[in-house]
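Visitor: Right, I'll just put the structure down here and ask away after.
FYI, it's all coordinate maths here, none of it is from the lab. What you see is a predicted model, and the numbers here were worked out from it, not measured in a lab. Counting neighbours? That spans all protein chains shown, and the Cβs are built from the backbone with ideal geometry, glycine included.
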Ligand SMILES: *Cc1c(COP(=O)(O)O)cnc(C)c1O
């Protein structure tokens, strides 16, 4: 189900025309469908609860995929917990209403301060990734006079068969504790009084579209769990991570029910563990689009080049992962089926700021709107301020309504956190005391870029 469909010749998010959002909020802008997020969550959690039972299933949304508080609040209202990777994510999750006892915390580089914050909040568990981390968790917990619930994230040495930059379960990857070193690590745990070993965790990568890597990793994890029990450790849980993919282009549709069956066969039937899951991309990826406005159609030497007002700093996936995003014009006019191959690029001064090459698109003119599909995960969260471009705003749609869930700040707000060192003096023009020109020039489509409303 996609919530982004054409009606009356215009692309809508649920019942709201994307052109209306673009006009009111400006472009580029991320737009999320609340119903699509809820539908993805309900299907995922529902399939697992059907196979494993609700009492045994905990779904902790991996919020690094999209940590907007509006998105989090929608998922928290459905009963989702959160998978956090920093103190910032902890604070966001709590602010959005995720109960602390449904929060799991993986990550190879937790700081002392972050560990203390999570202990004080009373999270469900740390997924510890190394012995030195366990020693620090123990020390911090002892200093606070609390006990730390911990699952050991193991590295099962499984190739997830995904893009190498999002593969996390191979022996050479930085994540987890080498499965072969587990006996040694748990032996050292005996001396760490404030650490409560609760179970195991595993996460082998992202955008996984085959079942075999999951089967391999989960089978191995269940074996190690039984080994721990046989060794007398009172473990009661396994966190199976995230990684289930989505369709960007022509990938096989993710088989949620098949995944749930696989979990039952590999882990639920072979252990007594309660099971946690950390889906990120799968819940939000197809629930978002990035809407951009065309600035220029430039005649390139090889083919036409469409310059749009979104750039790699707003959506880095094509530059970072060679990712492919479906592109559709927001207005579908008469010549919708006459396609020309074009390159689609952003304004940033890098050749990597190229969203698509030789993409067949209908005739586009300056000022036309274009939507990047499947931009709900690893989109806005990975945005940067490169080229001093403003943070991209985010909008959430529900039915006929929409709300700005993250506004675009002004240049003054962004500049206000910087200062010229005192020894350089304070040049009069270092801190602008007047707003940059704010009025779009009538008839100039380029003026609709950035913060400008186009009204
Ligand atoms: C990134 C990450 C996830 C989520 O991955 P998705 O592919 O978005 O589901 C889950 N667990 C951990 C430990 C992660 O690092």
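Visitor: Could you give the radius of gyration (one decimal) and Dmax (whole number) of the Cα atoms in the range 101-189, in Å?
Guide: 13.8, 43
Visitor: Within 10 Å of each residue's Cβ, count the other Cβ atoms and sort 63, 396 from fewest upward.
Guide: On the way: 63 31, 396 24.
So the residues, fewest neighbours to most, are 396, 63.
Visitor: If you stretched the chain out fully between residue 298 and residue 227, how much longer would it get, using 0.36 nm times the residue separation minus the C-alpha to C-alpha distance?
Guide: Result for the pair: 19.2 nm of gain on full extension.
Visitor: Run through every distinct alpha carbon pair of the range 254-335 and return the Kirkwood hydrodynamic radius in angstroms, one decimal place.
Guide: That comes to 17.2 Å for the range 254-335.
Visitor: Follow-up. Quick one: what do you get for the range 1-155 if you divide its Cα Rg by 2.2 N^0.38 Å?
Guide: 1.27
Visitor: Once each part is reduced to its C-alpha centroid, what is the distance from the range 358-392 to the range 217-246 in angstrom?
Guide: With the range 358-392 and the range 217-246 each reduced to a Cα centre, they are spaced 40 Å.
Visitor: What Rg and what Dmax come out for the range 157-290 when only alpha-carbon atoms are used, in angstroms?
Guide: According to the Cα coordinates of the range 157-290, Rg and Dmax are 15.9, 52 Å.
Visitor: Then there is this: As a footprinting exposure proxy, order 164, 203 by other Cβ within 10 Å, with the fewest listed first.
Guide: Ordered by Cβ neighbours within 10 Å, fewest first: 164, 203.
Visitor: If one computes the Cα centroid of the range 23-64 and of the range 272-344, what distance in Å separates the two points?
Guide: With the range 23-64 and the range 272-344 each reduced to a Cα centre, they are spaced 21 Å.
Visitor: Another question, if that's okay. Can you tell me the 0 to 90 degree angle between the C-alpha axis of helix 112-121 and the longest principal axis of the chain, rounded to 10?
Guide: With rounding to tens, the tilt is 80 degrees.
Visitor: I need two numbers for the chain: Rg to one decimal and Dmax as a whole number, Cα atoms only, in Å.
Guide: Considering the chain through its Cα atoms, Rg and Dmax are 23.9, 75 Å.
Visitor: Could I ask something else about it? Can you tell me how the range 34-281 classifies by the Cα gyration tensor, rounded, prolate or oblate, using a/c under 1.5 as the rounded cut?
Guide: Note, shape of the range 34-281 comes out oblate.
Visitor: Right, here's the next one. Mind putting together the pair-distance distribution for the range 73-134? All Cα pairs, 5 Å bins, whole percent per bin, short to long.
Guide: With 5 Å bins starting at 0, P(r) equals 4, 20, 33, 22, 13, 6, 2, 0.
Visitor: Something else now. For the range 34-281, what relative contact order do you get, as a whole percent, if you take Cα pairs closer than 8 Å and at least 6 residues apart?
Guide: That works out to 20 percent.
Visitor: Figure the gain on full extension for residue 337 and residue 120 (residue separation times 0.36 nm, minus the Cα-Cα span) and round it to one decimal in nm. Don't jump to the answer; show the numbers that get you there.
Guide: Details: separation 217, 0.36 × 217 = 78.12 nm, distance 5.82 nm.
Contour length minus the Cα-Cα distance gives 72.3 nm.
Visitor: How do 417, 206, 86 line up, fewest other C-beta atoms within 10 Å first?
Guide: With the fewest neighbours first, 417, 206, 86 line up as 417, 86, 206.
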